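S.K.: Below is one structure. I have some questions about it.
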Amino acid sequence: MTLGLLKVAGGFMCGFGRKRKLSILIYHRVLSEPDFMRRDEIDAHTFGWQMELLARNFNVLPLAEALDRLRLGDLPPRAVCITFDDGYADNATLALSILQRWNLPATFFIATGFLDGGRMWNDTVLESVRVLDDERLDLSSIGQGVHPIATPEDKARTGHELLNRLKHLPTRQRAEYVDHIASLAGDLPDDLMMSSSQVKAMHAHGMEIGGHTVNHPILANLSEDEARSEIGEGKAALEAIIREKIRFFAYPNGKPVKDYKRDQIAIVRDLGFQAAASTTRGVADSKSDIWQLPRFTPWDRSPAKFMARLIANFSRAA
């Protein structure tokens, strides 16, 4: 099916009138070039043609406008929002200029604890595995086994296996394990995340800045007071940077129950956010819970498959 026919099909599949649906896309990084350690992340070339395709075939809206129009029942056909999670520096150095080239708005959900030279735990693991020069990574002293790292393929597989093992561990235990892995590697990059000035510049260029906690924890593992502190302090830090209210929030990792608890939704609401996004796959419609908006990542690396996946997403129940 050609792109033109896919566009026509999308007009039907996204619904009509008050039944129209909103597809909210998730990105994290836009790399300068493909990276064997981060094969799920796209590079600037791929992001460029994806944004061109969106600009030419979809109606890309700012998140605030999209949610207002969803509530009022006057979404345009093929309505899309673009979001980024975490606050990586390449969002400012690479993604922003591509978005501006096509006059596309986006929302950037930022974990404030890593701004200005910080590094997320998952990046510490991946960058440590990348630079280790050995055939094996022996983590048996911390109960995490022995892993092959002789080839780029070994390193990529080991890195992502470790992320899956460590993600849902208690925060303190995970930090201890990550620190041990980092101690084996030596110097690691300190420029992966945005600076405060880059966040301010993104906002000045018309991009929406959203909350994403301070330290990107698994909220479901926290007490009520800890969760409130993570969410509220992250919001306050961003408001101090951009000098405007932060309106939207994205739950770290974002799977209901597994990553955040239902009673934590009330915390988000009570702290003054207007809506929140999960990582539950699907599209939003007029019946969607605005405190758990579904989002979607199309992984395809060819224009036709990318567009077909986007169109197919409109047929999913919210």
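S.K.: Could you say whether any residue in the range 275-292 is within 24 Å of Met202 (Cα to Cα), small (Gly, Ala, Ser), more than 19 Å from the chain's Cα centre (by Cα) and surrounded by fewer than 21 Cβ atoms within 10 Å (Cβ to Cβ)?
M.R.: Checking the range 275-292: not a single residue is within 24 Å of Met202 (Cα to Cα), small (Gly, Ala, Ser), more than 19 Å from the chain's Cα centre (by Cα) and surrounded by fewer than 21 Cβ atoms within 10 Å (Cβ to Cβ).
S.K.: Also, I was wondering about something else. Step by step: first the residues of the range 147-180, then only those that are in contact with a helix residue (DSSP H, G or I) (Cβ under 6 Å, 6 or more places away or on another chain) and free of Cβ contacts under 8 Å to residues at least 24 places away in the same chain, then the one that is surrounded by the fewest Cβ atoms within 10 Å (Cβ to Cβ). Which residue is that?
M.R.: Residue satisfying both the conditions and the ranking: Pro148.
S.K.: Out of the range 181-226, which residues are touching a residue at least 40 places away in the same chain (Cβ under 8 Å), under 22 Å from Leu163 (Cα atoms) and outside any loop (DSSP other than H, G, I, E, B)?
M.R.: Across the range 181-226, the qualifying residues are Ile181, Ala182, Met193, Leu219, Ala220, Asn221.
S.K.: Those residues that are closer than 15 Å to Leu293 by Cα and among the polar types (S, T, N, Q), I need them from the range 62-110; list them, please.
M.R.: Thr83, Thr107
S.K.: Oh, and also: Search the range 132-146 for residues being outside any strand (DSSP E or B) and touching a residue at least 12 places away in the same chain (Cβ under 8 Å), and hand back the single one that is surrounded by the fewest Cβ atoms within 10 Å (Cβ to Cβ).
M.R.: Applying the filter and picking the extreme gives Ser141.
S.K.: Looking at Phe249, is it modelled with pLDDT of 95 or more and aromatic (Phe, Trp, Tyr)?
M.R.: yes
S.K.: Here's something else I'd like to know. Output the residues belonging to the range 54-76 that are modelled with pLDDT of 95 or more and among the small types (Gly, Ala, Ser).
M.R.: If the condition is that a residue be modelled with pLDDT of 95 or more and among the small types (Gly, Ala, Ser), then Ala55, Ala64, Ala66 are the ones that fit.
S.K.: Could you go through the range 256-275 and let me know if any residue there is closer than 21 Å to Leu222 by Cα, in contact with an Asp or Glu (Cβ under 7 Å, 6 or more places away or on another chain) and in contact (Cβ under 8 Å) with a residue 60 or more places away in the chain.
M.R.: no
S.K.: Do we have any residue at all in the range 262-270 that's crowded, with 22+ Cβ neighbours inside 10 Å, on the phi < 0 side of the Ramachandran plot and not in a helix (DSSP H, G or I)?
M.R.: no
The values are calculated or read from the model by the stated rules, or taken from the named source; none is laboratory data. What you see is a predicted model; the values in this text were computed from it and never measured. Ideal geometry is used to build each Cβ from the backbone, glycine not excepted, and the neighbour counts take in all protein chains shown.
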